[in-house]
Every structure is written in structure tokens, then in C-alpha cells.
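The values are calculated or read from the model by the stated rules, or taken from the named source; none is laboratory data. Quantities reported herein were computed from a predicted structural model and do not represent experimental measurements. Every residue, glycine among them, receives a Cβ derived from its backbone with ideal geometry; neighbour counts consider all protein chains shown.
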Amino acid sequence: MLNLDSYSVEDLLLKRRSLHRQLSAVEGLRELRVAVLGGSSTNELVNLLELHLLSSGFRPVFYTSEYGRFYEEAVHDVQALFDFKPEIIYLHTSYRNVENLPPLSCTEEDLPSYISAELKRYRAIWDSLERIANCQIIQNNFEMPPHALLGNMDAAASAGASRFYMLLNMAFAQEAAQRPRLFLQDVHGLSARIGLRHWFDWNRYWSYKLLLMPDANLELTRSLTSIIKAMFGRSSKVLVLDLDNTLWGGVIGDDGVDRIQIGRETAVAEAYTAFQEYCLSLRNRGILLAICSKNEDEIAKSGLNHPSSILKLEHFSCFKANWRPKHENIREIAEELSLGIDSFVFVDDNPAEREIVRSQVPAVAVPDVGSDVTRYAEIIERGRYFEPAALLREDLQRAELYASNSRRQTEQSRFATYGEYLDSLEMTAEIDRFKPVYLERIAQLTNKTNQFNLTTRRYTPSEISTVADDANHIGIYGKLGDRFGDNGLVSVVLGSVKASELHIDLWLMSCRVLKRDMETAMLDVLVARAKEKQLDSIVGYYFPTVKNGMVADHYEKLGFIPKSTYEIPGSSVWSLVIKDYQPRNRHIRILEPING
């Protein structure tokens, strides 16, 4: 896929048509219906967004509101938006679209009423959009105004515009925390990092109602694209790091562990320490770390034993230090972690190594970090590779979950049979109907899981919420734990009732619990739920993709009978009569459901 990061905004706009043709020719793009409701002109933004979504694997179809009519088209004149059936609605507003700014006579007692009045206006928008469109809403918060009319008091006085926008942004954040379908884009932070002098374009605004500079629109587009990718499970999951002159200064094989630059003693050493701290912070929020270095294994590991090293060997889910080509090692890391290689980001100070990986494994993101360690974190952040759509308990524990898996694999060799090994794990599972507390995680799994996924259908949290309350659907989740730890919510099955049959729309499982018999336990509970609805059989579908070949025989292994083929080449339909079905799970103890 063509990488747009190397293009300036001028080149993107000048070459837009040719880039569009090139990107549109890629096979396998997912159609995505996006409605953009703007408080200012959105033409340039939409043109840039179209290119970036295409380069991210989407084929966008847009609906755009008339200039400045975001409120009217969301609240009053809703038919056109309803007919469009958007999957994403983006509300593109600015500080100029706020109507209830407090006057200079505003007192401390009056200020909350102005915040409340403006929040009420946007609540009307969000409430209406949630009624007419079962989809995710992305709403930006507000940048600071270009002028502080009260000087430094603007941030403190009751009538200060800067204080008002900060309080309004906080109110928006609190509202988003209560609304699963509302995602807040941090335009306040984005504009602050760029600087307001590089944000607003008043010549273009007064002439064409284009409020932002082209570079600001480009940054806004990159931010918005990263949010949409995250919503559909396309954010990166693994940061693969070189060692020499990447995690520490110097070449450990030549300089020795005592002479590499790491710690607080010099400016260079402190810069490498800061980058290690940044990498560790990514791990702490769920990004897996891996090493890919041309080095001797033991010598390479000795660097992580340096007393000043922030990162230790246990922080890495995979460690490859050898003399093989790095792209081969990265492929091997992907196999060991059972993760798609398109979820990897590779960081190396050596431009030749970056180019080899980029050319040999195009799916891996390879930012041009250069050789100045002080800029590594900034460049990675600018790429927005690891944008989260939510911050769930499973995300925070992901690195430890993979470490536990490594301990399980080591344990397996001690047993004569695989069944004895499974029993030794002392596995317990919570399998139950969809619950509100898990809906966001369930939606996340539907968008992130590609290999053990029979149909690869994707759902937003709002769509999962809808089917969870629908009597014509059966949805169950599975959480798996054992004596090594809790794997969290790892499996989802969703089916729709048609006459006397349950048709499986979605069956997926995290690859980190492969070969643990979790699918058998899920089937036992699914059959029980189907019998409660007095159904006769379960119908399963397999739709092949480039990534899910491992589950082509899933239904056959579970005792389903082939029923027919489907219109998709390589697909199949399977059926299981459940009248005389007997539970088959032998190795997992099913816990009693917990209400909640």
C-alpha cells in the first residue's frame, strides 16, 4: 500500500487524482460510509481524508453537510443523513461554532449556566444522531481562540474565553465517557502541539470559509484516520526495536556493556534513557515490545542487564538477536506471537535496514526515525501507529498475558499427553450472554481478530449493543483463566435466529488461547442457549480470507456436517443438529455466570 507520510500537503492536493487512482486500484478495500458535518468548509479535509482512508485499506463513501449546517442536518433536517446510513459520523467544528460564550459581565455564579447551555446544544446533536444512525460519532473538542482578549486573565477570569473553552472541553470529555457511541477527537491538544499560528488561515476563511491552514487540515486528517483505524482494529500492536544506537548509544559488541551510553551521566545517555522510558510506557498501555538486532544473543541481552537500562529482558515478548536478515526475524516474531505482520512497527537507526524491511515486508510500518535519538519518540507519535479506540483492562495487561503464554508453552513439555497438559493448567471459563460491561471489549475483538475468525464481520460498540438486546440474536462471550493467570475475554460467538435454526454470524477467538479447547466449551454453552429457544440446529459459515485459513476445518472438527457451498469461492456452510447433543468440553471448568 502506498505510504502517504512522505508527501507534503501541497503534493497530496496537487496529485490527488493520480494518487486516488493508484490507491483505489488496490484489491480488498473495505467500503466505509462516512458522514462529515461541518461548521466550516470541509472540502479540503474530505479530499485529504479520502486519500488517507484509501491508503489504510478503506474505500470511503462520503456524505457532507452544507456549509455551517451541522446542527440543522443533525437535529432537524435528518432525512438525507438517515438515508445515507453512515458507519461513521464526524462532527467537524471549531471555537467559532460555539454560541454561548459568556459576556464580560459574567460572574462565577453565572459561568456554569453558559457551559450548560452550550453542552445542551451539542447533546441535542448527539442524541439525534444516536437515534437516526446506529454508528460511531466522532466529535472534536475545541482549540483555544486565536486572541486572549483579557491577556493572562483570559484563562482565569469568569468571562475569559480561554477558561470557557477549557471548561467546555472538560464537559465534552465527561460526556464522551458516558456515551459509548461518542468518541472525542482531541483538537485542543493537536492545535496546541502545532501552534495556533500554524492552525488558522484567515485569508482563506474570509474568502472561501476554509478555516484551517492546509498543514493543519493534514494533521487533522491523520488524527481522524488513526481514530477510524483504531475503531476497526487496524492500529498497530507490536513495536519491534533494534538495539545498538536505538535503545542505547554505541555498539555493544565493540564497546562492551560498560561503555554503552545509557543512564543519566551524559546528555546522550539521558536521551536514550528517555526513549526507553517512552517504549516502556507503550508496553504499560498494552503495546508488545520485541527485539530484532544483528548481534550475538548473549552479548545483546547483556545490554538489558546494564544497571541503568530501563528496559529489561522480561519486558520483551520476543527477542531475536542473530545475524539473519531482519525481515526474516520479523516474520518469525509475527508467527511466534500469532499476530498479523501488518500490526508491526519497526524502529532502527540504520537507514539501510529500514529500507530492506520496508521493501521485503511492506505491511510493516517503518518510520524514518533517522539517527537522532531525541526525535525517535516524536516521530513515532507523529505516525499515530498505536492509536487506541478504548483503554480496556485487557489492553493494559496484554504484555503480561503474552508472558504467561510463554510460561505455558514451557510447561507443556513436561507432560506425556496433551490432555494431561491441558488438565494441569487448571483452566476455568466464564461463558455467558453479552453484558453491558463487556460490549466495548467484544466490539474490539471483532475488529482486531483476523486469524481465528470464521466470517471476519466487524461490529462497532453501538452495533454490538443493539444485537445484545435483540431477542432474535444469541451472543455469548468467553473469558478464560488458568493457574498462570487470567487471559481475559478471548472468544465471541454471535448468531441470529431464523425459523428453527441459529445461524452463526460471528465466531472468533484470540490466538493466544489456541489449542486450549475453548471452542469446545463455547459450543457447549451455545447449544444450551439454542435449546432454551427451542431451536433444532446450528448453521455455521466459513468465509475465507488471506488470514483465516487456520479455521477452514473449524466446524468439521466440532462435528458439524457440510451443508453447501456459498457464493464466495472457497467458502462453506455447515450444520449441527442439537437434539441429542452431549457436552464435549473435558478440560475447562465452566464457572457459574456472574450477574452484571
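Remarks
- Restricting Tyr63, Tyr114, Tyr67 to those that are among the hydroxyl-bearing types (Ser, Thr, Tyr) and assigned to a loop (DSSP other than H, G, I, E, B) reduces the list to Tyr67.
- Filtering region 529-557 to residues that are under 22 Å from Met518 (Cβ atoms) and in contact with a Lys or Arg (Cβ under 8 Å, 6 or more places away or on another chain) leaves Arg529, Val539.
- Any hit, region 54-65, residues being within 25 Å of Asp215 (Cβ to Cβ) and over 29 Å from the mean Cα position of the chain (by Cα): no
- Ser40 vs. criteria modelled with pLDDT under 95, over 23 Å from Arg131 (Cβ atoms) and in contact with a Leu (Cβ under 6 Å, 6 or more places away or on another chain): yes
- Contacts under 9 angstrom Cβ, first residue in region 376-390 being over 18 Å from Thr225 (Cβ atoms), partner of a type in the set (Ser, Thr, Tyr), 6 or more apart: Tyr376/Thr246; Tyr376/Tyr278; Ala377/Tyr278
- Test result for Ser116, farther than 30 Å from Tyr208 by Cα and among the small types (Gly, Ala, Ser): yes
- Residues satisfying the stated conditions in region 547-588, i.e. closer than 16 Å to Arg457 by Cα, touching a residue at least 60 places away in the same chain (Cβ under 8 Å) and either out of contact with any strand residue (DSSP E or B) (no Cβ under 6 Å at 6 or more places or on another chain) or of a type in the set (Asp, Glu) (or both): Lys547, Val551
- Qualifying residue in region 24-41 (condition: surrounded by 13 or more Cβ atoms within 10 Å (Cβ to Cβ) and in a helix (DSSP H, G or I)): no
- Test for Ser116: is it exposed (fewer than 15 other Cβ atoms within 10 Å of the Cβ) and at pLDDT 95 or above: yes
- Of the numbered criteria (1) within 26 Å of the chain's Cα centre (by Cα); (2) modelled with pLDDT of 95 or more; (3) surrounded by fewer than 20 Cβ atoms within 10 Å (Cβ to Cβ), the one Glu314 fails is (2).
- In the set Ala161, Ala176, Ala148, only one residue is more than 29 Å from Asp77 (Cα to Cα) and crowded, with 16+ Cβ neighbours inside 10 Å; that residue is Ala161.
- Of the residues making up region 183-197, those that are among the small types (Gly, Ala, Ser) and in a helix (DSSP H, G or I) are Gly189, Ser191, Ala192.
- For region 119-145, a residue qualifies if it is charged (D, E, K, R) and surrounded by 19 or more Cβ atoms within 10 Å (Cβ to Cβ), and exactly one does: Glu143.
- For Val493, the requirement of being at pLDDT 95 or above and not acidic (Asp, Glu) is met.
- Residues satisfying the stated conditions in region 477-504, i.e. surrounded by fewer than 19 Cβ atoms within 10 Å (Cβ to Cβ) and touching a Lys or Arg at 6+ places or on another chain (Cβ under 8 Å): Phe484, Asp486, Val497
- Near pairs, Cβ below 7 angstrom, 6+ apart or cross-chain, from region 305-322 (assigned to a loop (DSSP other than H, G, I, E, B)) to any residue that is among the polar types (S, T, N, Q) and crowded, with 17+ Cβ neighbours inside 10 Å: Ser308/Thr273; Ser309/Gln276; Ile310/Thr273; Ile310/Gln276; Leu311/Gln276
- Close pairs (6 angstrom Cβ cut-off, 6 or more residues apart or separate chains): within 18 Å of Ile504 (Cβ to Cβ) and in contact (Cβ under 8 Å) with a residue 12 or more places away in the chain in region 460-475, among the aromatic types (Phe, Trp, Tyr) and not in a strand (DSSP E or B) anywhere: Ala468/Phe434; Gly475/Phe434
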